[in-house]
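Colleague: Supplied in structure tokens, the structure appears directly below.
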Amino acid sequence: MDLTGKVALVTGAGSGIGKASAMRFAQAGASVGVLSHTADEIAKTADEINAAGGKALALTADVGDDAAMRQAVGRLVGEYGRLDIVFANAGINGVWAPIDDLKPEEWDRTINTNLRGTYLTLHHAVPHLKKAGGGSVIVTASINGTRVFSNTGATAYSCTKAAQVAMVKMLALELAPQRIRVNAICPGIIETEIPDNTRTRNLESVKVPIEYPKGKVPLTDGRSGDSFDVAELALFLASDRAKHITGTPVWIDGAESLMVG
């Protein structure tokens, strides 16, 4: 899965899945634009990659900001001369609350980051993929909204994840003539920092009792996956090994979602 000579953009690369994937892309030979809304955090990611002998450019932008994303993508292409791989990974869990308790501004923030952010990432990146003669787009969705609907209160989050999969399928057809592949990764429970950034409120009032089999993740006897498990899948989808795969959501959850599907 050699990416030598390729240039990749990874959003949400300051930690978790994004950081792990950026590191794997760089190890495989790609020059990587690592993007986050937090300057200090993304500088550390770039420094780690560069210190390990890879090539990384730190980019700071809010994925929901049109002008900032245009500037970030332009800076990346200006630095490395092309763009071949886009991993639209940035996202938030946001606020999980009953629908009549969820505030409009909380809904808007989740939609703005997860869905508008994915749109803007691809909006500004796809022209460069076309110029390169093709490429790979990967979007981080989730088991929520695609296979799992039992996390009551996660309506805004789940809607964005379902919409991302629809976007992937639509764009797989639209961009196929330009030899641009578009796929989605749908993780289950992964050891990242995103659960720590989830705000929950009054969920007991809408919780539906569900009995799970012993061990939440059947494949690993309850152990969660980690970011590098997902990074390996991202590397495969970014590489020519996946040259005939497009429009496909890939669930990576150790069969967790099959217990409640």
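Colleague: Give me a count of the residues in the stretch 165-183 that are among the β-branched types (V, I, T) and either closer than 16 Å to I143 by Cα or at pLDDT below 95 (or both).
Modeller: Initial filter on the stretch 165-183 (among the β-branched types (V, I, T)): 165, 168, 180, 182.
Still in the running and either closer than 16 Å to I143 by Cα or at pLDDT below 95 (or both): 165, 168.
Final tally of qualifying residues: 2.
Colleague: Another question about this same structure. Taking the options A172, A166, name whichever one is more than 15 Å from G91 (Cα to Cα), in contact with a Ser or Thr (Cβ under 8 Å, 6 or more places away or on another chain) and either free of Cβ contacts under 8 Å to residues at least 12 places away in the same chain or aliphatic (A, V, I, L, M) (or both).
Modeller: A172
Colleague: Oh, and also: Which residue is farthest from the chain's Cα centre (by Cα), if the candidates are limited to the stretch 79-110 and must be of a type in the set (D, E, K, R), under 19 Å from V32 (Cβ atoms) and assigned to a loop (DSSP other than H, G, I, E, B)?
Modeller: R82
Colleague: Quick one: which of G29, G74 is at pLDDT 95 or above, surrounded by fewer than 17 Cβ atoms within 10 Å (Cβ to Cβ) and in contact with an Asp or Glu (Cβ under 8 Å, 6 or more places away or on another chain)? Even if it seems obvious, please write down each step before you answer.
Modeller: Values: G74 fails: in contact with an Asp or Glu (Cβ under 8 Å, 6 or more places away or on another chain).
That would be G29, the only listed residue that is at pLDDT 95 or above, surrounded by fewer than 17 Cβ atoms within 10 Å (Cβ to Cβ) and in contact with an Asp or Glu (Cβ under 8 Å, 6 or more places away or on another chain).
Colleague: Could you grab me the full set of residues in the stretch 115-149 that are among the hydroxyl-bearing types (S, T, Y) and either within 13 Å of the chain's Cα centre (by Cα) or surrounded by fewer than 23 Cβ atoms within 10 Å (Cβ to Cβ) (or both)?
Modeller: T118, Y119, T121, T140, S142, T146
Colleague: Ok, one more. Among the residues of the stretch 35-52, are any outside any helix (DSSP H, G or I) and touching a Phe, Trp or Tyr at 6+ places or on another chain (Cβ under 9 Å)?
Modeller: No, the conditions are met nowhere in the stretch 35-52.
Colleague: May I ask you to say which residue of D40, D65 is of a type outside the set (A, V, I, L, M, F, W, C), under 19 Å from the mean Cα position of the chain (by Cα) and surrounded by fewer than 23 Cβ atoms within 10 Å (Cβ to Cβ)?
Modeller: D65
Colleague: Turning to a different aspect of this structure: All but one of (1) touching a strand residue (DSSP E or B) at 6+ places or on another chain (Cβ under 6 Å); (2) surrounded by fewer than 22 Cβ atoms within 10 Å (Cβ to Cβ); (3) closer than 26 Å to Y80 by Cα hold for P177, so report the exception by its number.
Modeller: Here P177 clears every test but (1).
Colleague: Just one of the numbered conditions (1) part of a loop (DSSP other than H, G, I, E, B); (2) at pLDDT 80 or above; (3) out of contact with any Leu (no Cβ under 9 Å at 6 or more places or on another chain); (4) among the hydroxyl-bearing types (S, T, Y) is not true of Y212; which one?
Modeller: Among (1) part of a loop (DSSP other than H, G, I, E, B); (2) at pLDDT 80 or above; (3) out of contact with any Leu (no Cβ under 9 Å at 6 or more places or on another chain); (4) among the hydroxyl-bearing types (S, T, Y), the lone unmet condition for Y212 is (2).
The values are calculated or read from the model by the stated rules, or taken from the named source; none is laboratory data. Just so it is clear, the model here is predicted, and its values are computed rather than measured. Note that each Cβ is placed from the backbone with ideal geometry, even for glycine, and that neighbours are counted across all protein chains shown.
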